[in-house]
Every structure is written in structure tokens, then in C-alpha cells.
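The values are calculated or read from the model by the stated rules, or taken from the named source; none is laboratory data. Since the structure is predicted, the reported quantities are computational estimates derived from the model, not experimental observations. Glycine gets a Cβ as well: all are built from the backbone with ideal geometry, and neighbour counts include every protein chain shown. For accessibility, only protein heavy atoms count, side chains too; no ligands or nucleic acids. Shrake-Rupley method; radii C 1.70, N 1.55, O 1.52, S 1.80 Å.
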Amino acid sequence: MSDSELDLTLDAAELTAALVDIPSVSGDEKVLADLVEQALRTLPHLTVDRYGNNVVARTHLGRAERVVLAGHLDTVPIADNVPSRLDENGVLWGCGTTDMKSGVAVQLRIAATVPEPNRDLTFVFYDQEEVAADLNGLGKVAEAHPDWLAGDFAVLLEPSDAEVEGGCQGTLRVLLRTTGERAHSARSWMGSNAIHAAAPILAKLAAYEPRRPVIDGLEYHEGLNAVRIEGGVANNVIPDACTVTVNFRYAPDRTPAEAMAHVEEVFADCGVAEFVIDDSSGGALPGLSHPAAAAFMEAVGGKAMPKFGWTDVSRFSALGVPAVNYGPGDALLAHKVDERVDTKAILHCEERLRAWLTS
Ligand SMILES: [Zn+2]
């Protein structure tokens, strides 16, 4: 193999090592995106499209279903852990081994070795996942070329320890403002204290009982919490303004609008002067009852787990494509200096996906 091309005849573990040895910290994915595009263009059964440093390759076999396999090309900054190192136990160490060049290697291997899949396939390789959400390459493709991402079901090969993580919870941040009237603290009865006015909000939060709904067999766990509180003018002034920032993490059976309505209802009798939405990202339904997803669950085995944090599966969900996370590697090792992946897990994941797409 020359340095200037990716060798897709390597097994998925060797290919992971080769990918790790090509640095691609967020914002610097061009070299790797070029190599991925080049390698995919040599495969006659795929059409290849590119938008920025995002590469999409598709089969067009006229199958009844289309499945999307997606992964991001970027990593967090390198921490003196590139090039990769394979130890005597078959564990591969280095930046991006688990998050998520092992998953990208599996995508590339399936692309290269399954020319006649039982479902049409779309492979998505995107940039800037590890940085601000508005830079996310998958989001950019979704905006500019939503048709490239069309499908019946999507698998993001993010590290999930080869368990299926279905859907994800939504997140909403709301500023709850209370008001009062300024006065000198020596004559506090002349004013009214906005910080004290926040007390009912805090009492409500402390007593709040979150739902744990079961959706498609997965149990979610909501949470409504204060994450910040701001108020006060000076040490001798009764404050006239206070803001409690509340973060609502909600199960994917609520829409963003319903989540907001819930927050307003919870605090309806708390004397809140104003509710201001600070941030809102919808969740994603697991979609495990879709036939393609059910076949996937059967092929990969194991039990599906809910995803509590917000992930890119909800970008697919917003396009009407149910999506799950399923990939080699332990998410708890992601972004760590001692990031590593068991090469057996990479091969296992490849083998399970191949079984699903060829059976
Ligand atoms: Zn990742």
C-alpha cells in the first residue's frame, strides 16, 4: 500500500490502524476525506458524491429497502497518541481508535466487500462531529442534499460496545425570569426581591418526578434540572431580576414544542415573568419496529439500550429516517489519552453487519 491510498483489502482492524495513522482532527479532515473518496471511486458498484469534506457513496440496485451506514471522519485533538500501536493482546491504541475510526473501517470494508447487498446501501462519511453542532458535516449534507441521506433505516457506527442504542432524548434549555423592585437593603420593605421570587421555581424543581416512559421496548429517563442561576445587583441592593436556567432532557415521544409546553405547565403557578428558549434539539424515536430495524436487531443480537444524550441519530430522525448507534469500541474510552479498541470487537461488528446485509 502506498501512503497515498487506502487499501480496502486490509481487514477492518488493520484498516482501523491505517485510518488512525492519518490525522483528521476536526477541521482538518481533507486529507482523509480525499483518501476515502478515492478508495470508494474504485468500487464500480457505488456512485460517489462529495460536499465539502463529506463523502456519500450509494448502491442503486433497486432493492425494496435502503439502509444508511454513517460515521464521522474527525477526531478530538491528538494527545501524543498517534500513530496507533497494537499490543500483544490484540488491543489497538491511539486517537480515534474507538471514536470512531474502527466504525469507519467497518463501513469501508462493507462498501468494498458487499457489492450485492440485500438492501440498497448508502455510506456517509462526514466531518466536524466533535465540534459545535452548526459545523457538523452531517447537518450540512442534510441541509444541502437531503436526498443523499434518504433511507428506511440508518446505523451510525459510533462506539456502543457492539450494543444497539436506539433513539435519543431531546434537550431543551429555558431561561425562567423573575422580577422585583430595587430598594436599598437597609429598607428592603420598600422593594421586592426577585431572587426570593425564584424560590417557588426551585421548590418545584426539587420535587419534580421525572417520567420513565417505555418506547419501542426501551426505557427512557427524563430529567428537569436547574443548571444555572443568576441574580443580584450589589451587596446592598434588593435585586429586581433573577434568572433560573432550566435544562429539560426529555424522551423522544415528546416534540420540542410539547417539551416547551410541559415546562411552561410545570412552572405555571410559580410567578415566572418570562420564559425564554435558550436552546432546543429534538430527540429521536428508536424506530425499532420498522422491518429493516427488526431484521437488524435479529442479525446483531443482544438487547437494545436507550440513548440519553443527544446524538446525530436525531439528525436522521428529523429527515424521517429511524436510526440507531451500533459500533465497535467503548464510548467511555472516547476522547481519552488511553483511547483503545479491541480488534476482535471490530471484526465482530463487521461480521454482524455483513450477515445482516447478505442473509
Ligand atoms: Zn464519535
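Measuring spread by the Cα atoms of segment 170-281 yields a radius of gyration and Dmax of 16.4, 59 Å.
3J(HN,Hα) along segment 198-211: 7, 4, x, 5, 5, 4, 5, 5, 5, 9, 5, 10, x, 6 Hz, from the Karplus curve 6.51 cos²θ - 1.76 cosθ + 1.60 with θ = phi - 60°, whole Hz, x for Gly and Pro.
Net charge dipole, the chain: roughly 820 debye, given to the nearest 20, about the Cα centre with Cβ charges of +1 for Lys and Arg and -1 for Asp and Glu. Of the residues Arg211, Arg352, Arg228, the one with the largest accessible area comes first in the ranking Arg228, Arg211, Arg352, computed with a 1.4 Å probe on protein heavy atoms. If only the Cβ of Lys and Arg carry +1 and only the Cβ of Asp and Glu carry -1, the dipole of segment 213-359 around its Cα centre is close to 680 debye.
If you place +1 on the Cβ of every Lys and Arg and -1 on the Cβ of every Asp and Glu, how big does the dipole about the Cα centre of segment 170-281 come out, in debye to the nearest 20? All intermediate terms of the calculation are to be shown ahead of the outcome.
On the way: 10 positive and 15 negative charges, 88 e Å.
Using only the charged Cβ atoms, the result is roughly 420 debye.
What the phi angles of segment 331-346 give under the Karplus curve with 6.51, -1.76 and 1.60, with θ = phi - 60°, is a coupling list of 4, 5, 8, 4, 6, 9, 4, 9, 4, 7, 9, 7, 4, 4, 5, 5 Hz, glycine and proline written as x. Measuring with a 1.4 angstrom probe and ignoring ligands and nucleic acids, Asp11 comes out at about 60 Å² accessible.
What translational diffusion coefficient, to the nearest whole µm²/s, does segment 28-90 have by Stokes-Einstein, given a Kirkwood radius computed over alpha-carbon pairs, a temperature of 20 °C and 1.002 mPa s viscosity?
Values: Rh = 14.4 Å.
Rounded to a whole number, D works out at 148 µm²/s.
Extension gain, Val237 to His184: 0.36 nm times the residue separation minus the Cα-Cα distance gives 18.6 nm. Per residue, the chain exposes 43 Å² of accessible surface when a 1.4 Å probe is rolled over the protein heavy atoms with every protein chain present.
Of all beta bridges DSSP finds with both residues in the chain, what is the antiparallel percent, to the nearest 5? Provide the component values of the computation, followed by the final result.
Values: 47 of 65 bridges.
Here the antiparallel bridges make up roughly 70 percent for the chain.
From Cα pairs below 8 angstrom and at least 6 apart in sequence, can you work out the relative contact order of the chain, rounded to a whole percent? Across the chain, relative contact order equals 24 percent.
Checking every one of the chymotrypsin sites (Phe, Trp or Tyr not before Pro) in segment 90-169 against DSSP loop status and a limit of 11 other Cβ atoms within 10 Å picks out no site at all. Only protein heavy atoms count here; under a 1.4 Å probe, Arg58 has an accessible surface of about 40 Å². Ordering Glu130, Glu264 by accessible surface, largest first, gives Glu264, Glu130; the 1.4 Å probe counts only protein heavy atoms, with every chain in place.
Geometric descriptor of the chain, per residue, is 154 Å³ (volume of the convex hull of the Cα atoms). Sorted largest first, the spans of the alpha carbon positions of segment 250-340 along the three principal axes are 52, 40, 22 Å. Extension gain for Val276 to Tyr208 (0.36 nm times residue separation, less C-alpha to C-alpha distance): 22.4 nm.
Quick check on segment 58-188: what does the Kirkwood estimate of hydrodynamic radius come out to from the alpha carbon pairs, in Å? It would help to have the intermediate numbers written out before the result.
Values: mean 1/r = 0.0547 Å⁻¹.
Hydrodynamic radius (Kirkwood, Cα pairs) of segment 58-188 is 18.3 Å.
Each of Phe248, Val91, Thr358 was scored by the projection of its Cα onto the charge dipole of the chain, and the greatest displacement toward the positive side belongs to Phe248; charges sit on the C-beta of Lys, Arg, Asp and Glu. Taken one residue at a time, the phi angles of segment 226-235 give Karplus couplings (6.51, -1.76, 1.60, θ = phi - 60°) of 6, 10, 6, 9, 9, x, x, 10, 7, 6 Hz. Gly and Pro are set to x.
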